[in-house]
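Bear in mind these aren't lab numbers, they're just calculated from the coordinates by the rules spelled out. If you're wondering where the values come from, they're calculated on a predicted model, not measured in any experiment.
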């Protein structure tokens, strides 16, 4: 009987140690899971901040692109005006050369 009591005591202590070890393992797993969760939250926060920066850069780029397109439009219009003026000046120059040629022939 004493022997059986000792065996039961050893088994009980073994169960307690196993239970304690399982609790320790469970606590460690929970701690690890909590840390991973915090890490993921931090990564998510960082990604959101980077996303916001990229969105701001896109908006800035679009605004600048619109401004450049307006400048190009204005420059195209000025270029067309200058080309028209050049054609007028060419025509005027042709008339002056023709007049000079006519005057030169009469002299």
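Expressed as a whole percent, how much of the Cα-Cα distance distribution for region 28-75 exceeds 18 Å?
That tail contains 59 percent of the Cα-Cα pairs.
What is the Cα radius of gyration of region 43-106 over 2.2 N^0.38 Å, N being its residue count?
Ratio of Cα Rg to 2.2 N^0.38 Å: 2.56.
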